[in-house]
Structure formats: structure tokens, C-alpha cells
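Only one structure is covered here, and it is reproduced in the block below.
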């Protein structure tokens with residue numbers, strides 16, 4: 001059973017042994033077998049472990065957890081071997097953390113007294129909390145400034161484009177791009193932060209954090225068992241999102257398959273679109289309910305389309321009211337709906353964020369938009385282009401971060417993330 005099909009399985013408490021030895025005592029051996037075992041505090045078993053191995057990476061169709069910490073990295077390693085060693089080390093660490101285990105032979109507190117611990121320790125005594133860790137590769141990993149950095153430029157997927165600058169974008173360089181991306185999701189924020197923190201620590205000397213974003217209060221459901229959540233504007237978000245139960249739809253709109261030989265390493269994977277969207281909270285809060293619903297295209301309480309019915313009632317875009325269509329053609333619902341985007345759909349896994357206040361006392365808050373698509377050229381760019389120009393909601397939004405990443409397929413036991421690209 002793939003990791004996405006089964007969110008819960010029997011697990012162990014976050015203490016254990018994990019075969020490791022790496023550069024500077026921080027990483028894991030480049031060719032390590034990755035076996036780990038628990039030899040203490042065995043008494044506590046949990047049902048909150050998301051399997052790490054599978055056909056597809058976990059953290060995509062896995063039931064959306066409550067918290068997120070996503071980080072992009074710039075690779076500083078100069079050789080292919082050093083990059084591969086990092087990917088191996090990250091894989092071994094992610095295997096341990098998603099199982100609820102500490103990293104390394106000695107974990108957070110049992111190592112040499114005069115050496116840094118192998119695990120930072122803030123997740124001691126915490127369970128796995130449905131932690132999933134998902135990895136992706138940016139375009140600049142393959143080619144940057146015309147240079148084939150790691151001998152993989154000939155395997156650059158055609159769909160791994162530079163996202164265009166959309167109308168109204170106010171992108172910040174330190175919130176965009178990156179060679180690698182790591183998405184850690186969990187039901188406990190400390191577990192998610194612990195995962196990214198330790199991967200960043202392991203990467204020292206080989207990669208550095210370019211940007212990171214924490215999130216809470218998921219803005220989409222990825223299972224029919226989950227209720228539709230609300231965004232910071234107070235509206236239900238992601239009503240028509242793809243679900244893990246939509247097998248045929250996922251094959252069509254999410255999972256890459258049938259690629260040409262040079263891109264076949266990505267078959268079974270997908271593409272991750274990241275957009276940091278700041279919401280003009282104070283302006284929205286002074287807007288009438290009538291306008292809020294007209295802009296959104298749905299009722300605020302039930303999330304039903306303004307054409308009538310309940311939340312999951314199909315919208316009737318042709319239904320007329322006294323002064324025109326009940327659902328404004330420029331509303332967010334109308335412009336984002338598959339009916340107006342050649343039937344394409346995406347799997348969203350976004351989160352709300354609040355990063356304090358700016359110098360004017362306004363909340364720096366909004367949505368970390370994350371979506372998985374089979375091809376961003378057809379499944380994201382056309383829709384976002386239309387929405388950035390015409391969406392009534394755009395007045396209340398500012399896109400400050402952007403990134404696109406190729407997400408490799410799942411990992412077999414003993415393998416490492418990206419082994420289909422770099423070879424075993």
C-alpha cells in the first residue's frame with residue numbers, strides 16, 4: 001500500500017538508533033544502508049506514522065495535516081558526488097523522523113559530551129504526528145546561468161519552466177526560487193519545524209536555506225473524510241480540490257507518466273507550485289459581506305455557490321439574477337473552476353500563515369499556496385494568468401513568493417530521494 005493510501009500505521013516513540021556517520025559529524029554516510037532500530041523507550045506505540053516509502057512520495061495525497069514547514073535550499077556543493085551524498089543523508093534522516101525516531105546513533109542526548117548532538121532534540125518525547133517529508137528539485141539544480149552544474153542538464157523536464165511574472169506580482173527574491181525544496185507537514189508544529197531544522201543542519205557545507213515558510217490551518221482537504229477548511233478571509237477554501245480517493249483524476253491531473261526517455265526519471269512524480277500570497281486583511285475586514293460573497297462567488301457561512309444549493313452543489317454560471325449572472329464571471333470561483341480552465345484540476349495542499357506585522361501595524365498574513373500538478377504549463381500558468389488579470393479577489397491579494405519544483409517519485413527501501421535521476 002502506498003504512503004498516500006494509508007495515513008495511519010503502527011509506529012514507535014521518538015527514540016532510537018539510526019546508523020549514521022557523515023561529514024563533520026552532521027550528515028549520514030553517503031552509502032549508508034539506512035537501517036535503524038529502537039533500543040529504548042519501546043513501550044509506547046502510536047498510530048500516527050505516515051509510511052515513508054511507496055510508489056509516490058508521502059505528503060502529496062496524504063491526508064493534509066494541521067501544520068507545515070516548507071523550505072527551499074540553494075546547493076553550495078560543487079560536485080555531483082557531494083550533492084548525491086546530501087540526498088542520501090536527507091533520505092536516511094527523513095526515514096527516521098517520519099517513523100518517530102531520533103537521528104543518528106546517539107540522538108539528542110547520548111553522544112559525546114563535548115560534541116554537538118546528532119539530533120537537535122526538540123522533538124524528544126513527541127510522537128511522529130503524521131509527519132511527512134516531501135522533496136523536489138528546482139530548475140536551477142539542472143542548469144544555472146548556462147552551466148550544467150551536476151551533469152543532469154540533459155534530463156531537465158520541459159515542464160520545469162521558469163514561472164512567468166504574473167500581473168500584480170510583487171515577488172521578493174528571498175522568498176522565491178531555490179535548487180531544492182522540502183515540505184514537512186505534521187499535526188504538531190514542533191515536529192514539522194524539527195524536520196526542516198535537522199535537514200538544514202545536515203546540509204551544512206552542501207546546501208543552505210534560501211527561504212522558509214511555516215503554516216497552520218490547512219486551506220484544502222485531500223480526503224473525503226476531511227471537512228473543507230477556511231482561509232483567513234473566513235471562506236471555505238478548496239471545495240473542489242482533488243482527493244486521494246480520486247484515483248483516475250489523480251492519474252490525469254497529478255502524476256507524471258509516459259515521459260520521453262530523458263525525463264522518465266520523473267514518472268510517478270509530479271510538480272509542486274509554491275506561491276506566497278499575502279492577504280490585505282485589514283482592507284478585507286472593512287468590506288461588506290455582500291461584496292465579499294460576490295468577489296468569492298460563494299456564501300460565507302455554507303460555502304455554497306451563489307447560484308444556489310449547498311457547498312458541493314455544482315455552480316450554475318449561466319443562472320441570471322435581476323442585474324446579471326448570480327455568479328460574477330470575474331469572481332474567484334468562476335475563474336478558478338475547471339469548467340473555465342479546459343477541465344484541468346490540481347491537488348492543493350496550502351496553509352494559512354501569519355508572520356507578525358509590518359512597520360505600519362498591518363498583519364503580514366495570508367496563504368502559503370501549494371499545489372501539485374501533472375504539468376504547470378497547462379494546469380497552472382493559464383489559470384493564474386487569467387486570475388491575475390481579472391479576478392475580483394486580486395484586489396485583496398499580493399503574491400510575494402514563487403517557485404516551481406519537480407517532485408520525484410516515491411522511494412523504495414534502501415533507495416534515496418532522486419535516485420531515479422542520479423542513478424543508484
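The values are calculated or read from the model by the stated rules, or taken from the named source; none is laboratory data. As the structure is a prediction and not an experimental result, all values here were calculated from the model. Glycine also receives a Cβ, built like all others from the backbone with ideal geometry; neighbour counts cover every protein chain displayed.
Looking at segment 301-353, which of its residues are more than 17 Å from residue 237 (Cα to Cα) and not in a loop (DSSP other than H, G, I, E, B)?
320, 321, 324, 325, 339, 340
Select from segment 386-415 the residues that are under 19 Å from the mean Cα position of the chain (by Cα) and assigned to a loop (DSSP other than H, G, I, E, B) and write down the one among them that is nearest to residue 279 (Cα to Cα).
First pass over segment 386-415, keeping only residues under 19 Å from the mean Cα position of the chain (by Cα): 399-411.
From what is left, the residues that are assigned to a loop (DSSP other than H, G, I, E, B) are 408-411.
Values: 408: 31, 409: 33, 410: 34, 411: 37 Å.
Per the stated criteria, the residue is 408.
Can we say residue 135 is in contact (Cβ under 8 Å) with a residue 40 or more places away in the chain and part of a strand (DSSP E or B)? Give the steps one after another, and end with the answer.
Values: in contact (Cβ under 8 Å) with a residue 40 or more places away in the chain: yes; part of a strand (DSSP E or B): yes.
Taking the combined requirement at face value, the residue satisfies it.
Please go through (1) surrounded by fewer than 20 Cβ atoms within 10 Å (Cβ to Cβ); (2) touching a helix residue (DSSP H, G or I) at 6+ places or on another chain (Cβ under 9 Å); (3) on the phi < 0 side of the Ramachandran plot; (4) modelled with pLDDT of 95 or more for residue 116 and return the number of the only condition it doesn't satisfy.
Only one criterion in (1) surrounded by fewer than 20 Cβ atoms within 10 Å (Cβ to Cβ); (2) touching a helix residue (DSSP H, G or I) at 6+ places or on another chain (Cβ under 9 Å); (3) on the phi < 0 side of the Ramachandran plot; (4) modelled with pLDDT of 95 or more is unmet by residue 116, namely (4).
How many residues are over 19 Å from residue 254 (Cα atoms), more than 15 Å from the chain's Cα centre (by Cα) and modelled with pLDDT of 95 or more if we restrict to segment 358-385?
Of the residues in that region, 6 qualify.
Any residue in segment 269-289 that is closer than 17 Å to residue 213 by Cβ sitting within a Cβ distance under 6 Å of a residue that is at pLDDT 95 or above and in a loop (DSSP other than H, G, I, E, B)? List the pairs, counting only those 6 or more apart or interchain.
Sorted first by the residue in segment 269-289, then by its partner, the pairs are 273/380; 279/232.
Please state which of the following conditions residue 265 fails to meet, knowing it meets all the rest: (1) surrounded by 21 or more Cβ atoms within 10 Å (Cβ to Cβ); (2) in contact with a helix residue (DSSP H, G or I) (Cβ under 8 Å, 6 or more places away or on another chain); (3) outside any helix (DSSP H, G or I).
(3)
Just wondering, is there one or more residues in segment 320-332 that are surrounded by 20 or more Cβ atoms within 10 Å (Cβ to Cβ), more than 21 Å from residue 395 (Cβ to Cβ) and in contact with a helix residue (DSSP H, G or I) (Cβ under 6 Å, 6 or more places away or on another chain)?
no
Before we move on, is residue 159 surrounded by 19 or more Cβ atoms within 10 Å (Cβ to Cβ), in contact with a helix residue (DSSP H, G or I) (Cβ under 8 Å, 6 or more places away or on another chain), modelled with pLDDT of 95 or more and under 20 Å from residue 265 (Cα atoms)?
yes
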